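**Q** Have a look at this one.
The values are calculated or read from the model by the stated rules, or taken from the named source; none is laboratory data. The structure presented is a predicted model; accordingly, all values stated were derived computationally and were not measured. Backbone-built Cβ (ideal geometry, glycine too); neighbour counts: all protein chains shown. Each accessible area value is taken on the protein alone, full model and side chains, heavy atoms only, with ligands, DNA and RNA left out. Shrake-Rupley method; radii C 1.70, N 1.55, O 1.52, S 1.80 Å.
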Amino acid sequence: MNYTAEDEILIQQAWDKLAESCKKICKREEDWNFIKRAFFLAKEAHKGVRRRSGEPYIIHPLEVAIIVVREIGLGKKSVVSALLHDVVEDTEITIEEIEDKFGARVRELVESETEDKRADLPPEDTWQIRKEESLQVLKNAEDPAVLMVWLGDKLAN
């Protein structure tokens, strides 16, 4: 399933907002290209997937990335990991591919964000497990960037 014309407009608006937010952290063309590559990979990987609201799924990682850079003040690798944070758990793309394309640091951030969906559990059990996983992330994350991207994800949701 491809994106509709309306989807493309929404995606472009979210991308424009992210690009505007990244002006302070993207000093060189290669910085922009790093973020663009992550965006296009995530956009393609999530093509045809929609959130419960009906909007294209790619809007969510864009919103997380905007929060990460604009509200929290993190850098390029955190923006890239925000764009890719659901790619490994929701698509066929592997964590090894993420590392090959974006480096070990982005792999580390994405891997730390990847959750066990446990889709086969009843909703009430899933909620309890997610609560416990969230508390575990907060207790165990030694890397502030992991916590900040995780927080951006929760805020966007």
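**Q** Based on the mean of other Cβ atoms within 10 Å per residue, sort peptides 50-60, 1-11 so the most packed one is first.
**A** Going from most to least packed, we get 50-60, 1-11.
**Q** Can you give me the distance in nm between label points at residue 5 and residue 104, each placed 7 Å from the Cα along the Cα-to-Cβ direction?
**A** 4.9 nm
**Q** For an R0 of 22 angstrom, estimate the FRET efficiency from the Cβ-Cβ distance between residue 47 and residue 23 and round to the nearest 0.05.
**A** E between residue 47 and residue 23, to the nearest 0.05, is 0.20.
**Q** Working out 0.36 nm times the residue gap between residue 55 and residue 70, then minus their Cα-Cα distance, what length gain in nm do you get to one decimal?
**A** Numbers: separation 15, 0.36 × 15 = 5.40 nm, distance 2.22 nm.
Stretched out fully, the residue 55 to residue 70 stretch lengthens by 3.2 nm.
**Q** Counting only heavy atoms of the protein chains, get the accessible area per residue of the stretch 10-92 (1.4 Å probe) and round it to a whole Å² value.
**A** 49 Å²
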